[in-house]
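Have a look at the structure below, then the notes.
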Amino acid sequence: MAPAVPLAVLALVALVAPGLGAAPGCDHPAHRWCSSPDVAAACQVQGRCPSLPSPAAAPVELSLYYESLCPACRQFLVLKLFPTWLLLPEEMLSITLVPYGNAQERNVSGKLDFECQHGPEECLGNMMEACLMNEAKNFSTYFPVIFCLESGTSVTKNLEACLQIYAPEVDSGRIAACVQGDTGVALMHHNAQVTQALDPPHQYVPWITVNGKHTDELQAQAEASLLGLVCHLYQVGLTPSQLWVQT
């Protein structure tokens, strides 16, 4: 690697060689040109600042389309996704959870209704988790609660206990009101639309997309070693289009 250009040299160059000065619009003194990537870019002197850190890679974006009572979904979320999330810094992995799966949306007398693969209790579990996400907002707040629900004996009956352990600041009453009211229906309608818009269409659950893409190879790699897959993709910095080609 070439040695860093001393700041004093940069200042001297700016004074004696106007043609090599800062770019128009750069309002930083010469001794500050290499102080940060943003300043170097504004002054168009990145090539004179070899010691600048490389920009961080974008986080790997993983979306999980699942059902609250699906055994395979629960196994992946509890044994693969949650531990991987705990091990990695947030700048490496961004997770989106979509509880809906193979449910069916119906219009009954002008009112939306949902039929779920594992029965009414699963529909309730899906809506509870959707309402929890909507109420808690912050992923680091609601994901441990969902982990608690999915790893317990009952997804639909342990909300109070899981909130007390992992997110006591979240009001269970507001979640109940969401489930019983129009907000819960609207959230499930949104999840139905997002799930139905998948390309290729989902064929089973759990259905995993990585950086917006789904292939059989990516699904198999995520289920076999999610931590290894995320670390590899983050290190090589593949874009979604490159990911499609690579896999």
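Please indicate, with yes or no, whether at least one residue in region 217-239 is modelled with pLDDT under 95, buried (at least 20 other Cβ atoms within 10 Å of the Cβ), not basic (Lys, Arg) and not in a helix (DSSP H, G or I).
yes
For GLY19, indicate whether it is modelled with pLDDT under 70 and not in a strand (DSSP E or B).
Numbers: modelled with pLDDT under 70: yes; not in a strand (DSSP E or B): yes.
Taking the combined requirement at face value, the residue satisfies it.
Is it the case, given these coordinates, that ASN134 is open to solvent by 50 Å² or more (accessible area, probe 1.4 Å), part of a helix (DSSP H, G or I) and at pLDDT 95 or above? Even if it seems obvious, please write down each step before you answer.
Numbers: open to solvent by 50 Å² or more (accessible area, probe 1.4 Å): yes; part of a helix (DSSP H, G or I): yes; at pLDDT 95 or above: yes.
Criteria met by ASN134.
Checking the conditions here, which among PRO83, PRO55 is open to solvent by less than 50 Å² (accessible area, probe 1.4 Å) and either at pLDDT 95 or above or part of a loop (DSSP other than H, G, I, E, B) (or both)?
Details: PRO55 fails: open to solvent by less than 50 Å² (accessible area, probe 1.4 Å).
When all the criteria are applied, what remains is PRO83.
Quick one: which residue in GLU121, GLU105, GLU160, GLU150 is open to solvent by less than 60 Å² (accessible area, probe 1.4 Å), assigned to a helix (DSSP H, G or I), under 19 Å from LEU69 (Cα atoms) and among the charged types (D, E, K, R)? Walk me through how you get there before you give the answer.
Details: GLU121 fails: open to solvent by less than 60 Å² (accessible area, probe 1.4 Å); GLU105 fails: assigned to a helix (DSSP H, G or I); GLU160 fails: open to solvent by less than 60 Å² (accessible area, probe 1.4 Å).
Of GLU121, GLU105, GLU160, GLU150, the one residue that is open to solvent by less than 60 Å² (accessible area, probe 1.4 Å), assigned to a helix (DSSP H, G or I), under 19 Å from LEU69 (Cα atoms) and among the charged types (D, E, K, R) is GLU150.
Could you count how many residues in region 121-142 are free of Cβ contacts under 8 Å to residues at least 12 places away in the same chain and aromatic (Phe, Trp, Tyr)?
Within region 121-142, the first condition is being free of Cβ contacts under 8 Å to residues at least 12 places away in the same chain, and the residues that meet it are 137-138.
With the extra rule that they be aromatic (Phe, Trp, Tyr), the set shrinks to none.
Residues meeting the conditions: 0.
For residues in region 192-208 being in contact with a His (Cβ under 9 Å, 6 or more places away or on another chain) and open to solvent by less than 70 Å² (accessible area, probe 1.4 Å), which is nearest to GLU67 (Cα to Cα)?
That would be TRP207.
Taking the stated definitions as given, is LEU69 part of a strand (DSSP E or B), in contact (Cβ under 8 Å) with a residue 24 or more places away in the chain and surrounded by 19 or more Cβ atoms within 10 Å (Cβ to Cβ)?
Working: part of a strand (DSSP E or B): no; in contact (Cβ under 8 Å) with a residue 24 or more places away in the chain: yes; surrounded by 19 or more Cβ atoms within 10 Å (Cβ to Cβ): yes.
Against the criterion (part of a strand (DSSP E or B), in contact (Cβ under 8 Å) with a residue 24 or more places away in the chain and surrounded by 19 or more Cβ atoms within 10 Å (Cβ to Cβ)), LEU69 does not qualify.
Give the residues of region 165-185 that are assigned to a helix (DSSP H, G or I) and surrounded by 14 or more Cβ atoms within 10 Å (Cβ to Cβ), sorted by residue number. Walk me through how you get there before you give the answer.
Here is the first cut: in region 165-185, the residues assigned to a helix (DSSP H, G or I) are 165-166, 172-180, 182-185.
The answer is TYR166, SER172, ARG174, ILE175, ALA176, ALA177, CYS178, VAL179, THR183, GLY184, VAL185.
Quick one: is TRP207 among the hydrophobic types (A, V, I, L, M, F, W, C) and modelled with pLDDT under 95?
Numbers: among the hydrophobic types (A, V, I, L, M, F, W, C): yes; modelled with pLDDT under 95: no.
The answer is no for TRP207.
The values are calculated or read from the model by the stated rules, or taken from the named source; none is laboratory data. No experiment lies behind these values; they were computed from the predicted model shown. Heads up, the Cβs are rebuilt from the backbone with ideal geometry, glycines too, and the neighbour counts pull from every protein chain shown. These accessible areas exclude ligands, DNA and RNA; they are computed on the full protein's heavy atoms, side chains included. Shrake-Rupley method; radii C 1.70, N 1.55, O 1.52, S 1.80 Å.
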